[in-house]
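Let me begin by presenting the structure, written as structure tokens, before commenting on it.
The values are calculated or read from the model by the stated rules, or taken from the named source; none is laboratory data. Treat the numbers as computed from the prediction; the structure is a model and nothing was measured. In this analysis, Cβ positions are derived from the backbone assuming ideal geometry, glycine residues included, and neighbour counts consider all displayed protein chains. Ligands, DNA and RNA are stripped out before the accessible areas are found, and what is left, the full protein with its side chains, is counted by its heavy atoms. Shrake-Rupley method; radii C 1.70, N 1.55, O 1.52, S 1.80 Å.
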Amino acid sequence: DVSSPKHGKVDPDNMPHVGGNTWAGGTGGRDTAGLGGKGGPYRLDAGHRVYQISQAEKDAVPEEVKRAAREMGEKAFKQRLKEIRMSEYDASTYERFSGAVRRQVQSLRIILDNLQ
């Protein structure tokens, strides 16, 4: 069961963590920032293979936990914007321009990685 969203512990060795309720950047777990899990406050990619839980499990998260996770994610987003001296308007403008070329940038990254 999910209880309350949190960032989670940071693994200094960046080992992959699947399931559970402890590590930031893990996959398929609960309550912590990561990918493929449920109840976490925001997505956090540590560069590992993603294990996805079922949509039914995600839908079963209580509304108060979803609300708390959204609030925590919004707070973290605003803090990050403050750290990089960007306003919410700047962020939405950046996202609009970035989104328009996202596929092309991804294709270019793949080409450059293959050339290396």
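Of the conditions (1) modelled with pLDDT under 95; (2) touching a Phe, Trp or Tyr at 6+ places or on another chain (Cβ under 8 Å), A33 satisfies every one except a single condition; which number is it?
Evaluating A33 over (1) modelled with pLDDT under 95; (2) touching a Phe, Trp or Tyr at 6+ places or on another chain (Cβ under 8 Å) leaves (1) as the failure.
Let's see how each residue does on (1) surrounded by 10 or more Cβ atoms within 10 Å (Cβ to Cβ); (2) modelled with pLDDT of 95 or more; (3) touching a Pro at 6+ places or on another chain (Cβ under 7 Å):
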{"position": "E57", "(1), (2), (3)": "yes, no, no"}
{"position": "G73", "(1), (2), (3)": "yes, yes, yes"}
{"position": "M86", "(1), (2), (3)": "yes, yes, no"}
{"position": "D90", "(1), (2), (3)": "yes, yes, no"}
{"position": "Y94", "(1), (2), (3)": "yes, yes, no"}
{"position": "S107", "(1), (2), (3)": "yes, yes, no"}
{"position": "L115", "(1), (2), (3)": "no, yes, no"}
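Select from region 59-71 the residues that are open to solvent by 100 Å² or more (accessible area, probe 1.4 Å) and of a type outside the set (D, E) and list them in ascending order. Let's see the steps before the verdict.
Taking region 59-71 and keeping what is open to solvent by 100 Å² or more (accessible area, probe 1.4 Å), we get 64, 67, 70-71.
Correct list: R67, R70.
Given the structure, is A46 touching a residue at least 12 places away in the same chain (Cβ under 8 Å), under 18 Å from D1 (Cα atoms), open to solvent by less than 80 Å² (accessible area, probe 1.4 Å) and in the same structural domain as V2 (by the TED database)? Break it down into steps so the answer makes sense when it comes.
Details: touching a residue at least 12 places away in the same chain (Cβ under 8 Å): yes; under 18 Å from D1 (Cα atoms): no; open to solvent by less than 80 Å² (accessible area, probe 1.4 Å): yes; in the same structural domain as V2 (by the TED database): yes.
No; evaluated as a whole, the condition is false for this residue.
Considering only region 68-76, I want to know if a residue exists there that is of a type in the set (G, A, S), closer than 29 Å to G8 by Cα and in contact with a Leu (Cβ under 9 Å, 6 or more places away or on another chain).
Of all residues in region 68-76, those of a type in the set (G, A, S) come to 68-69, 73, 76.
Checking which are closer than 29 Å to G8 by Cα leaves us with 68-69, 73, 76.
This time we only want the ones that are in contact with a Leu (Cβ under 9 Å, 6 or more places away or on another chain), so: none.
Looking for residues that are of a type in the set (G, A, S), closer than 29 Å to G8 by Cα and in contact with a Leu (Cβ under 9 Å, 6 or more places away or on another chain), one finds none in region 68-76, hence no.
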